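Colleague: Sharing a structure below in structure tokens format, with a few things to ask.
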Amino acid sequence: MCGIVGYVGERSALDVVMGGLRRLEYRGYDSGGVALINDGKITSAKKAGKLVNLDKELQAHPLPLSHTGIGHTRWATHGAPNDRNAHPHLDADGRIAVVHNGIIENFAELRAKLEAAGHEMLSDTDTETVAHLLHDELLHTPDLSDAVRAVCLQLEGAFTLVIADANHPDVVVGARRNSPLVVGRGKGENFLGSDVSAFIDYTRDAIELGQDQVVTITPEDIVVTDFHGNQVETRDYHVDWDVSAAEKGGYDWFMLKEIAEQPQAVADTLLGRYSAEGSLQLDEMRLSDEELREVDKIIVIACGTAMYAGLVAKYAIEHWTRIPCEVELASEFRYRDPIIDRSTLVVAISQSGETMDTLMAVRYAREQHARVLSICNTNGSTIPRESDAVIYTHAGPEVAVASTKGFLSQIVACYLLGLYLAQVRGMKYGDEIARIMTQLEQLPEAIQRMLDEGEHVRELARELSASKSILFLGRHAGYPVALEGALKLKELAYIHAEGFAAGELKHGPIALIEDGLPVFVVVPPKGRDQLRDKVVSNIQEVRARGALTIVLAEDDDEEVAKYADRLIRLPKVPTLFQPLVATVPLQIFACEFAAELGHDVDQPRNLAKSVTVE
Ligand code: F6R
């Protein structure tokens, strides 16, 4: 939610900031804006809508050259997505410019006080109050960083702030509580960004910023303190992917590129986990084997697609470890007084590592003394930093708002966790783990086959693109696949799409079936005959009521082909791993369907990639 950039150095600040905003646009695209310091003054430009509108504005009204600047791309919370509410927001003198990600929860109270003291607000945002508070603070505090710290102590809620002050031309100050901010370390220049993609063109050396910290960057220096001005130790890290990973590389959409990267993402997530001595190793596991042996319950918490990865994980983890595993929406978890204690392992799954609902659930779990392990794709992000252990997925940057390679690599990381638990608790012999690992290592090839056969699915998407409603059915590990297929279609094509457990259909949803309604059905592998036969009956039930059945079934499942109006063939893989191959055609279908309708596949309406508000 909202992308933020800050720069000081020798380059054109506008070029750096706009480049960073383009890479961060996935975080929100309700408006864009920049502020630069030039000749002791702030100049700024802002425009509602995608960054292309800001580009046009800057061409029509160019800003003077500057070497210090900040920028923002917005996902609206307070105030409509119009020019007036676009960031940066300035104080009354036009001296201070502020960009913000998050929600300042006590803003109404702060605004009322400021207005009573004579401040005139020009927008409906919570952010503008910060510019005015800074204005007042700087009347008696000469140092910008001191003023920012003093203001932060008055704010409640979640915020990342980046601030430029016309009176401090070589300085940009950032602050964070709950929302993300990373620092890019350059030579004679430094950067701030919501994530490292903001400055990946210039440096791969980054610094994690902790909770309740303020960072002051100048061309030569980076100083980090807490909100009380005490200098704090920082942790540097090197980003292990480069610019090309954050670009489209010849694909029309980031989503298509990311779908195509899935064999690699799965292979990289598996890489180096299985030792020559025949045992699993999870390097980032900061929980001892002793602690893992004490676990008597697992609760997976996550949102959206990541939650569906958790639903797949439940089948594997319970099957391999015999530890009860619940899966819960992170946004619901802490409001139901869950029964957790030291022997509960809470597994937080998050591609971004910044999802606020998941982060708050992690904090709640730790307060209740549960052990928290996160599965995350973003090095240095908040959720893994606040967890007891982390398994990183190695999917590379995911830019398209709709998660694809993130999902598959999360499932793989969950499998690794399940196998690791089975290993340390003595639930699986080494040769069983070796056999399962071999099966896992064959999956990239099976996923590649689904990609190679994608044209057939694209044709289907074009054929069905006039549909106003599409259903997805699955059982067992196929059920989360159905949910994920429906979510992808909803978020990209803006049509009614629902995923159901196939057996539930007769308890109500079957009433939705009418002539010609497309229904996707994920059929379990033939080895699982009881399960598979039930799904085959479900296909017949919907077909008898006029549905157009699109059946995803294994290569040699000839019987089911009879009931398929359209057939998508799946390679033979174990039941627990079928989601990794069956999801791919559903991703391709949603992507092509949305493109056919003329939608922006990478940036669907009303959405943002990192949901950093609750
Ligand atoms: C859907 C999608 C979202 C995310 C969810 C969690 O395509 O991308 O549902 O999965 O917002 O995001 P992370 O994994 O970053 O916590």
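Colleague: Neighbouring Cβ atoms within 10 Å as the yardstick, rank Ile391, Ile550 fewest first.
Modeller: Ile550, Ile391
Colleague: Now for a different question. Tell me which residues come under 5 Å, amide H to amide H, from Glu156 once H is placed; ignore anything under 5 positions away on its chain.
Modeller: The list, which skips near neighbours in sequence, is Glu105, Asn106.
Colleague: Limiting things to C-alpha atoms, what are the Rg and the maximum Cα-Cα separation (Dmax) for region 547-614, in angstroms?
Modeller: Using the Cα atoms of region 547-614, the pair Rg, Dmax is 16.2, 48 Å.
Colleague: The chain: Rg/Rh from Cα coordinates, Kirkwood Rh? Write down the numbers at each step before the final one.
Modeller: On the way: Rg = 25.3 Å, Rh = 25.3 Å.
Result for the chain is an Rg/Rh of 1.00.
Colleague: Out of the DSSP beta bridges found with both residues in the chain, what percent are antiparallel (nearest 5)? If you can, show how the numbers build up before the last one.
Modeller: Working: 64 of 103 bridges.
In the chain, DSSP labels about 60 percent of beta bridges as antiparallel.
Colleague: Using every Cα-Cα pair within region 398-498, state what percent have a distance larger than 23 Å.
Modeller: More than 23 Å apart: 43 percent of the Cα pairs in region 398-498.
Colleague: So how do Glu57, Glu290 line up by other beta-carbon neighbours within 10 Å, fewest first?
Modeller: Final ranking by Cβ density, sparse to dense: Glu290, Glu57.
Colleague: Based on alpha-carbon positions alone, could you give the equivalent ellipsoid semi-axes of region 455-596 from the gyration tensor, as √(5λ), descending, whole Å?
Modeller: Gyration-tensor ellipsoid for region 455-596: 21, 17, 14 Å.
Colleague: Let me ask something additional. Whole-Hz Karplus ³J(HN,Hα) for region 515-527, in order, using 6.51 cos²θ - 1.76 cosθ + 1.60 and θ = phi - 60°, x for Gly and Pro?
Modeller: Taking θ as phi minus 60°, the curve returns 3, x, 5, x, 10, 7, 10, 8, 9, x, x, 5, x Hz for region 515-527.
Colleague: Work out how much length Lys534 to Arg366 would gain on full extension: take 0.36 nm times their residue separation and subtract the Cα-Cα distance, in nm to one decimal.
Modeller: Values: separation 168, 0.36 × 168 = 60.48 nm, distance 4.14 nm.
Separation in residues times 0.36 nm, less the Cα-Cα distance, equals 56.3 nm.
Colleague: Run the simple label-point estimate for Ala116 and Glu10 please: 7 Å along Cα→C-beta, distance reported in nm.
Modeller: 5.2
Colleague: Region 210-254 to region 285-302: how many Å between their Cα centroids?
Modeller: Each part's Cα centre sits 30 Å from the other's.
Colleague: Tyr494 to Glu332: FRET efficiency via 1/(1 + (r/R0)^6), r the Cβ-Cβ distance, R0 22 Å, to the nearest 0.05?
Modeller: With R0 = 22 Å, the Cβ-Cβ based efficiency is 0.30.
Colleague: Excluding residues fewer than 8 places away in the same chain, name every one of the lysines whose C-alpha is closer than 17 Å to that of Lys56.
Modeller: Lys46, Lys47
Colleague: Could you give the dipole magnitude of the chain about its Cα centre, charging the beta-carbon of Lys and Arg +1 and that of Asp and Glu -1, in debye to the nearest 20?
Modeller: 1200
Colleague: Find the centroid of the Cα atoms in region 346-407 and in region 81-112, then give the distance between the two in whole Å.
Modeller: Value for the Cα centre distance between the two parts: 29 Å.
Colleague: Need one word for region 130-179: rounded, prolate or oblate. Basis is the Cα gyration tensor (sqrt eigenvalues a ≥ b ≥ c); a/c below 1.5 gives rounded, then a/b vs b/c decides.
Modeller: Oblate.
Colleague: Also: What are the extents of the Cα atoms of region 189-315 along their three principal axes, listed from largest to smallest and rounded to whole Å?
Modeller: 50, 46, 35
Colleague: Given only helices, namely DSSP H runs of n ≥ 4 each adding -39500 (n - 2.57), what is the per-residue ellipticity at 222 nm of the chain, to the nearest 500 deg cm²/dmol? List each step's numbers first, then the result.
Modeller: On the way: 20 runs with 222 residues, N = 614.
-11000 deg cm²/dmol, from helical runs alone.
Colleague: Give the long-range amide H neighbours of Leu517: residues separated by 5 or more places, or on another chain, with amide H under 5 Å away, using H modelled in the peptide plane at 1.01 Å from N.
Modeller: Distant-sequence amide H within range of Leu517: Leu548.
Colleague: What's the exposure ranking of His135, His507, going from fewest to most Cβ atoms within 10 Å?
Modeller: Lowest count first: His507, His135.
Colleague: Projected onto the charge dipole of the chain (+1 at Lys/Arg Cβ, -1 at Asp/Glu Cβ, origin at the Cα centre), which of Val239, Val8, Ile298 gives the Cα projection farthest towards the positive end?
Modeller: Ile298
Colleague: Would you work out the Kirkwood radius for region 3-245? I mean one over the mean of 1/r across all pairs of different Cα atoms, in Å.
Modeller: 17.4
Colleague: If you don't mind, there's one more thing I want to ask. So which DSSP H runs in the chain come out at 27 Å plus along the axis (Cα) with average Kyte-Doolittle of at least -0.5?
Modeller: Membrane-span-like by this rule: 405-424, 578-596.
Colleague: By its C-alpha gyration tensor, with a ≥ b ≥ c as the square roots of the eigenvalues, how is region 415-461 shaped: rounded for a/c under 1.5, else prolate for a/b larger than b/c, else oblate?
Modeller: Prolate.
Colleague: With all distinct Cα pairs included, what does the Kirkwood hydrodynamic radius of region 248-441 come out to in Å, to one decimal, could you say? It would help to have the intermediate numbers written out before the result.
Modeller: Working: mean 1/r = 0.0601 Å⁻¹.
Final number for the Kirkwood radius of region 248-441 is 16.6 Å.
Every read-out reported here was derived from the displayed coordinates using simple, explicitly stated rules and does not represent laboratory data. Since the structure is predicted, the reported quantities are computational estimates derived from the model, not experimental observations. Heads up, the Cβs are rebuilt from the backbone with ideal geometry, glycines too, and the neighbour counts pull from every protein chain shown.
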